[in-house]
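Colleague: Just dropping this structure here.
The values are calculated or read from the model by the stated rules, or taken from the named source; none is laboratory data. Please read these numbers as outputs of a predicted model, since none were measured by experiment. Cβ placement follows ideal geometry from the backbone for every residue including glycine, while neighbour counts extend to all protein chains displayed. These accessible areas exclude ligands, DNA and RNA; they are computed on the full protein's heavy atoms, side chains included. Shrake-Rupley method; radii C 1.70, N 1.55, O 1.52, S 1.80 Å.
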Amino acid sequence: MKDAALLADLATDLPQAIRLQRLMDHLRVRFDCGAVALLQLEEDHLRPVAVVGLVPEALGRRFAISQHPRLAAILARREVTSFDHDSTLPDPYDGLLDSLVGAPLPVHDCMGVSLQVEGQPWGALTLDALRGTFGAQARAALADCKVLVEAAVRISRLEREVHALRMAPHTRGVDDERAPRGGDGEMDIVGQSAPLSRLLHELQVVAGSDLPVLLLGETGVGKELFARLLHRQSKRRAKPLVHVNCAALPESLAESELFGHVRGAFSGAVADRPGRFEAAEGGTLFLDEVGELPLAVQAKLLRTLQNGEIQRLGADRPRRVDVRVIAATNRNLREQVRDGAFRADLYHRLSVYPVPIPPLRERGDDVLLLAGRFLELNRARLGLRSLRLSAGAQEALRRYPWPGNIRELEHVISRAALKALSRGVHRNDIVTLEAALLDLDADAAPRMPGPPPKRRTAQPP
C-alpha cells in the first residue's frame, strides 16, 4: 500500500515539524514530482510550513492570495485543482525550485488541494511535476492523501494543545494558533533557529502572567514584534496594546502623554485628556526605549507599577488602572543606573522578567528565511514575476555580521531589488540578486560560523 509509510508516521510519536516534513518527502516520492509544499492560511496570505524541492528561503516567504491566482483557485475549491502545462496563470514558485537555481520553470503540470481542520479552512497542499504529467489517477490519489495530511495537521494541533495544558497555569488563556497574526504590511516573526525557538518558548511561558517584562536587545532585532507576540499570547489579547516610543516624547510632554492631564493643568490644556495608561486599560502598555524617559517621569512610572495608580497632571486624586507593562531598550540600564540616568528602583520593577533577544548574527540560517520574507514583499511591491538570491548572495548574507540586525537586512534586500530594476531587468524576468548587488563587506567583521544550512525543514503550523 502506497500510503503505508504515511500512516506509519501518523501513528509515530514524532515532533510535529519532523512529521510534516516527512509527509512532504513521502508525497514527493509517491507522486514522483519536483516540489511539494504545505502552506497554512493566515488572514490574507499563505505561509509555508513544510516544503521539499524549493530553495531554503521559501520557508520565509508569505504568499499573498490576491497576488497568486493559482493559490487562490486552489483555496476556492474543496476538490483537487490541476493546472495543465499550458496554463497561463503565473506559478508562485517560479525561480524558487532548488534544482533549477533561479531559472524559469519549465512547462509542467501542477495540482493542489485546499485543507480543512475541524471544519475550518486551514491552508493548501501543492505539487509540481517537472517530469511527466498529473493525470486522473494522480488527482484521485491526491484526494485520498488530503485526508492523511489533514489528519497530520490535526494531530499536531492536538499535541500542541496537550502541551499547553501541561504547562498550565502559566499559559492559561493562551492559544497561539487562533491568536491574530500580523496582517498586510505587518511583519511576523520568521525563523527556526535554536536561539529563536528557545526565546519563543520562554515568551509563551511568561505571556500568561501579568509580570512586567523587559525586552533587551540591539537596535533592529525586532523588540516591538516580540512585544506584540507577548500581548497576543496573553489573557489580555482582546484588550488594547498601546505602543509608546519613549525616545520620541518631549520631556515637557512626557508626563501628560503617559498619565494624562486635566483642563487648565498647563497652558494649552483646554480639556481633560486621558494618557496612554488609560488608553491601555485592561490591556498592555509597551514602553519602547524606556531608558530615554526623564527622571521625573520615571518616579511616577514607579508609583504606577507599585500600586496600579496614575494621577493626571493637575488632578487632585489618583485613579486606578489595570495595565500590564512591557518595556524594551537597546541600552545597558545597569550602566545608566550606575551613572544616575535611570532609577535603580524602577529598573528592578521593570526587570522582574528580563528577556534578551538574540541578534541576527547568532540565529544561523534564519537570515535566509528572513531574506525570503523581504524578497517576496519587494517582488510584490515592484511588480516582479520572481525575485530570488543567487548562491553567492546567500553565502554573503550568512557571512555578514549584521550590526543593524533584521532592520538592516530589510533595507539591504529592498535596496538590492531597486538596483536590479534600475539596471534594466524586465519585470517579467526571473530576477536573481547577486552578492555584489547586496553591497555587503563580508570581510569587515566576520561572524562566528553558524550551524550547517538546513535545506528542508518544517515550521510549526
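Colleague: So which residues in segment 383-405 are of a type in the set (D, E, K, R) and either buried (at least 21 other Cβ atoms within 10 Å of the Cβ) or without any contact (Cβ under 8 Å) to a residue 60 or more places away in the chain (or both), if there are any at all?
Modeller: 388, 395, 398, 399
Colleague: Residues in segment 419-438 that are assigned to a helix (DSSP H, G or I), touching a residue at least 40 places away in the same chain (Cβ under 8 Å) and in contact with a Leu (Cβ under 8 Å, 6 or more places away or on another chain): how many?
Modeller: 1
Colleague: Tell me the residue from 327, 380 that is farther than 19 Å from residue 407 by Cβ, within 22 Å of the chain's Cα centre (by Cα) and buried (at least 23 other Cβ atoms within 10 Å of the Cβ), please.
Modeller: None of the others qualify; the one that does is 327.
Colleague: Can you spot a residue in segment 346-354 that is part of a loop (DSSP other than H, G, I, E, B) and among the hydroxyl-bearing types (Ser, Thr, Tyr)?
Modeller: yes
Colleague: Being surrounded by fewer than 20 Cβ atoms within 10 Å (Cβ to Cβ), farther than 18 Å from residue 197 by Cα and basic (Lys, Arg) is the requirement here; does residue 22 meet it?
Modeller: Judged against the criteria, residue 22 is not a match.
Colleague: Based on what the data block shows, is residue 408 part of a helix (DSSP H, G or I), open to solvent by 10 Å² or more (accessible area, probe 1.4 Å) and closer than 21 Å to residue 189 by Cβ?
Modeller: Against the criterion (part of a helix (DSSP H, G or I), open to solvent by 10 Å² or more (accessible area, probe 1.4 Å) and closer than 21 Å to residue 189 by Cβ), residue 408 qualifies.
Colleague: Still on this structure, please answer the following. Looking at 324, 361, 373, 343, can you tell me which residue is touching a His at 6+ places or on another chain (Cβ under 9 Å) and among the basic types (Lys, Arg)?
Modeller: Exactly one of 324, 361, 373, 343 is touching a His at 6+ places or on another chain (Cβ under 9 Å) and among the basic types (Lys, Arg), namely 324.
Colleague: Okay, next question. Out of all the residues in segment 360-377, is one or more touching a Pro at 6+ places or on another chain (Cβ under 9 Å) and over 19 Å from residue 405 (Cβ atoms)?
Modeller: no
Colleague: Filter segment 53-68 for residues that are in a helix (DSSP H, G or I) and in contact with a Pro (Cβ under 7 Å, 6 or more places away or on another chain); which is modelled with the lowest pLDDT?
Modeller: 56
Colleague: Follow-up question, since we're still on this one. If we keep just the residues of segment 240-288 that are in a strand (DSSP E or B) and open to solvent by 60 Å² or more (accessible area, probe 1.4 Å), which is farthest from residue 227 (Cα to Cα)?
Modeller: 273
Colleague: Of all residues being of a type in the set (A, V, I, L, M, F, W, C) and part of a helix (DSSP H, G or I) in segment 289-308, which is nearest to residue 224 (Cα to Cα)? Just the residue, please.
Modeller: Filtering segment 289-308 for residues that are of a type in the set (A, V, I, L, M, F, W, C) and part of a helix (DSSP H, G or I), the one nearest to residue 224 (Cα to Cα) comes out as 290.
Colleague: Within segment 120-131, track down each residue that is of a type outside the set (S, T, N, Q) and open to solvent by less than 60 Å² (accessible area, probe 1.4 Å).
Modeller: 122, 123, 124, 125, 127, 128, 129, 130
Colleague: Could you list all residues from segment 42-76 that are within 14 Å of the chain's Cα centre (by Cα) and open to solvent by 20 Å² or more (accessible area, probe 1.4 Å)?
Modeller: Selection gives 43 alone.
Colleague: Can residue 79 be described as open to solvent by less than 10 Å² (accessible area, probe 1.4 Å) and either touching a Leu at 6+ places or on another chain (Cβ under 9 Å) or part of a loop (DSSP other than H, G, I, E, B) (or both)?
Modeller: Considered against the rule, which asks whether it is open to solvent by less than 10 Å² (accessible area, probe 1.4 Å) and either touching a Leu at 6+ places or on another chain (Cβ under 9 Å) or part of a loop (DSSP other than H, G, I, E, B) (or both), residue 79 comes out as no.
Colleague: Hey, another quick one. Does residue 156 qualify as being modelled with pLDDT of 95 or more and in contact with a Pro (Cβ under 8 Å, 6 or more places away or on another chain)?
Modeller: No, not satisfied.
Colleague: What's the number of the condition residue 293 fails, among (1) within 35 Å of the chain's Cα centre (by Cα); (2) open to solvent by less than 40 Å² (accessible area, probe 1.4 Å); (3) more than 16 Å from residue 243 (Cβ to Cβ); (4) not hydroxyl-bearing (Ser, Thr, Tyr)?
Modeller: It is condition (3) that residue 293 fails.
Colleague: When you scan segment 196-215, do you find a residue that is open to solvent by less than 30 Å² (accessible area, probe 1.4 Å), at pLDDT 90 or above, charged (D, E, K, R) and not assigned by the TED database to the domain that holds residue 368, even just one?
Modeller: no
Colleague: Then there's this: Six or more apart or on different chains, Cβ under 8 Å: which pairs go from a residue in segment 118-146 that's more than 18 Å from residue 40 (Cα to Cα) to one that's open to solvent by 30 Å² or more (accessible area, probe 1.4 Å) and part of a strand (DSSP E or B)? Could you list them?
Modeller: Filtered contacts from segment 118-146: 134/82; 139/82.
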